[in-house]
Amino acid sequence: MSRGAASRGAMSGGAVSEGVATAGASPATDALPFNARGVAAIYKFEMARFRRTLLQSLVAPIVSTALYFVVFGSAIGSRISTVHGVSYGAFIVPGLLMLSVLTESLANASFGIYMPKFTGTIYELLSAPVSSLEIVLGYVGAAVSKSLLLGALILGTASLFVPIRVLHPAWMIAFLVLTSASFSLCGFILGVWARSFEQLQFAPMLVVTPLTFLGGAFYSIDMLPHAWRTVTLFNPIVYLISGFRWSFYGSADVALGVSVASTGAFLALCLALIVWIFRTGYRLKN
Amino acid sequence: MTAALSISRLTKTYASGLQALKDVDLEIPRGEIFALLGPNGAGKTTLINIVCGIVTPSGGRVLADGYDVLRQYRAARRLIGLVPQELSTDMFETVRHTVQYSRELFGCRRDPALLERLLRDLSLWDKRNDRIMTLSGGMKRRVMIAKALAHEPRILFLDEPTAGVDVELRRDMWQLVRGLREREVTIVLTTHYIEEAEEMADRVGVINHGSLILVEEKRRLMKQLGRKELTLHLSEPLRAIPEALSDWRLTLSADGTEIQYRFDSVSEHSDIPALLRRIGELGIGFKDLNTRQSSLEEIFVGLVGRRAAASAERDVALSTEER
Ligand SMILES: Nc1ncnc2c1ncn2[C@@H]1O[C@H](COP(=O)(O)OP(=O)(O)OP(=O)(O)O)[C@@H](O)[C@H]1O
Ligand SMILES: [Mg+2]
């Protein structure tokens, strides 16, 4: 740091003062405003990528959801009458929805930032006058939009199979937004961290999918033996699905407050990691 | 006037421990075309990437038009355009969209007229709706140039813009650079084609092993370091150089029909008129005469070579001392 101070002294005085004068009152901060056009450009770019791959992006998750309904809803559901007073087919809707939104958020956001790293076009992002916040807003904003769209489509598909009612629509949307935001952020981190396509697939495969299946998407954790129930409570996804299901049917495995708090905590953790990544330039800059 | 670029005591040590830049100081005035030369791995790209925000410096400071590239990065980066060394573009986007994206990313309003002019200047207008992956390598490079110019930068970095590029594109590039110079855009380019620096640059910097070993106006560099060569094509072959000409270090070609005189244009006393007079007095006739100045490439090779030789000598001296 002393080197920086010394070099400033060595600079011609005129150059320094003129620079400061044009930059505004405080030389330490950037006087220019938020680069909204930059954010919009990233967002549009990502959405264009989404449109190009519409088939994979939407059709695949919808088909797999429909399959879940056929297999779990009809085949298994015919043997289980109701869970917490809701037909089994309807019971699994919130969990399925959460499962798709969560995986898609993770996949979309991680791929979105991994690709420029992979192809080398990240140079442009790094050399543009966009702050880290703006980059995250662009990428994560787009990933969240896609997930919400997907969520709506899955809900539509599900309603073709089973009657669905939503007791607390505002809460439902809040949970959906919070979840897709958290997992998109998480995906962004994953995309920054990954050095290969294998690593990009690794986290969703090894961590998220099992946690989701063990997160009570297809059963109420009350249905588990006591010991397993305790283990399950360490799975953060349980809280997400439980809260989300409550917004549909008014019944939950864990208290609503706990669900909201743990979702919020996860979001905060992701945000903190992102801030750290940009502060240190971790895996983005040399 | 504020310098377009002012670099002071810039250092960079990569995580691997490799010191890619050592205390680099450089000031580039507005509107100048500056050519950065140096062998592979000298640190040219590292220097450019630090200015553009792609690599974080380990120490020192960079001002672009007076704005600190780290603390006032928004203001600084708006002024800067970069055509990187590596060809990397989005494959699935169309030419038009990708250039438009670049402009908006830099916070500028869409400008269809500017976009059209840019694409026409770079002979990309016919390809504007083509996906980038369908273009040839040279065309992709043009796209990258268009992207770099989309926000009308005041300082443009061209990192080996003509590597692997055909003659036509190279000529277009030179044309483009001249056009930008007329608009007072400052240009920093790196190249391994020294004729390129010779053709375009106002000043030349030579970097080697992370140190800027020389910054000089191109003309003066050529004058100072350039060797000149005078050749006389004789009417009658000579057997040997006459004694009377021993004041000049002359060489006679094997067949005796050419006299060559090599001299440092500045450092050496080279009285050509006197030489020619003396030759006339001796009755040696010549039918033609030409002079040749050494190219920047020869100068550059000489410079880097001389340094290497000097350090080798030092090593030898050290090892003999040890004994
Ligand atoms: N990301 C990196 N990590 C570690 N070392 C690096 C990295 N990038 C470059 N280097 C090293 O830093 C040195 C300077 O590299 P740089 O790319 O700046 O050279 P250059 O002058 O642009 O060379 P060229 O003419 O080949 O493009 C080289 O020794 C290179 O190996
Ligand atoms: Mg290079």
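The values are calculated or read from the model by the stated rules, or taken from the named source; none is laboratory data. Computed from a predicted model, the values in this text were never measured in an experiment. A quick note on method: Cβ atoms are made from the backbone with ideal geometry, for glycine too, and the neighbour counts reach across all protein chains shown. SASA here: full protein model, heavy atoms, side chains in, ligands and nucleic acids out. Shrake-Rupley method; radii C 1.70, N 1.55, O 1.52, S 1.80 Å.
The table below lists the values:
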quantity: Chain B: most fluctuating residue of B:56, B:186, B:291 per GNM, C-alpha cutoff 10 Å; calculated: B:291
quantity: Percent antiparallel among DSSP beta bridges (both partners in the protein assembly as shown, rounded to 5); calculated: 70 percent
quantity: Nonlocal amide H pairs with residue B:257, under 5 Å, H built at 1.01 Å; calculated: B:238
quantity: Rounded tilt (10° steps) of A:13-23 against the dominant C-alpha axis of chain A; calculated: 40 degrees
quantity: Most positive-pole-ward Cα, B:122, A:210, B:222, against dipole of the protein assembly as shown from beta carbon charges; calculated: A:210
quantity: Reduced Cα scattering model of region B:1-124, Debye log10 I(q)/I(0), q = 0.09, 0.19 Å⁻¹; calculated: -0.32, -1.16
quantity: Two-decimal log10 I(q)/I(0) for chain A, as the Debye equation yields it once each C-alpha is a single scatterer, q = 0.08, 0.16 Å⁻¹; calculated: -0.42, -1.25
quantity: Cα pair count fraction exceeding 14 Å, expressed as % - region B:51-104; calculated: 63 percent
quantity: Listed residues B:27, B:236, B:160, most fluctuating in chain B (Gaussian network, C-alpha, under 10 Å); calculated: B:236
quantity: J(HN,Hα) series, region A:256-265, from Karplus relation 6.51 cos²θ - 1.76 cosθ + 1.60, nearest Hz, glycine and proline x; calculated: 4, x, 5, 4, 4, 4, 6, 5, x, 5
quantity: Taking chain B and dividing mean pair separation by its residue count, relative contact order in percent (alpha carbons under 8 Å, at least six apart); calculated: 18 percent
quantity: Under-5 Å amide H pairs with residue B:58, H placed in peptide plane, nonlocal only; calculated: B:11, B:12, B:13
quantity: Where chain A is the region considered: accessible area per residue in Å², 1.4 Å probe; calculated: 45 Å²
quantity: Rel. contact order, % - alpha carbon contacts under 8 angstrom, at least six apart, chain A; calculated: 23 percent
quantity: Rounded to 5, the percent of DSSP beta bridges in region B:5-222 classed as antiparallel; calculated: 55 percent
quantity: Options B:36, B:55, B:16, ranked by Cα towards positive dipole end of region B:1-148, top entry (Cβ charges); calculated: B:55
quantity: Alpha carbon Rg of region B:227-293, scaled by the compact-globule rule 2.2 N^0.38 Å; calculated: 1.03
quantity: Proportion of all alpha-carbon pairs of region B:155-291 beyond 18 Å (%); calculated: 66 percent
quantity: Under-5 Å amide H pairs with residue B:189, H placed in peptide plane, nonlocal only; calculated: B:34, B:35, B:36, B:158
quantity: P(r) tail fraction, region A:75-200 - alpha-carbon pairs more than 19 Å apart, %; calculated: 56 percent
quantity: Under Karplus coefficients 6.51, -1.76 and 1.60, residue-wise ³J(HN,Hα) of region B:137-144 in Hz, glycine/proline x; calculated: x, x, 5, 4, 5, 4, 4, 5
quantity: Rounded to whole Hz, the Karplus (6.51, -1.76, 1.60) HN-Hα couplings of region B:245-258, x for glycine and proline; calculated: 9, 5, 5, 10, 7, 9, 10, 10, 5, 4, 7, x, 9, 10
quantity: Choice from B:165, B:206, B:177 with maximal GNM fluctuation in chain B (Cα, 10 Å cutoff); calculated: B:165
quantity: For residue B:125, net neighbour charge (Lys/Arg +1, Asp/Glu -1) across residues whose Cβ lies under 13 Å away; calculated: +2
quantity: Accessible surface of residue A:214 - all protein chains present, 1.4 Å probe, nearest 10 Å²; calculated: 110 Å²
quantity: Calculated on alpha-carbon atoms, Rg and Dmax of region B:5-222 in Å; calculated: 16.9, 48
quantity: Interatomic Cα distance distribution for the protein assembly as shown, bins of 10 angstrom, percent; calculated: 3, 14, 19, 18, 14, 12, 9, 5, 3, 2, 1, 0, 0
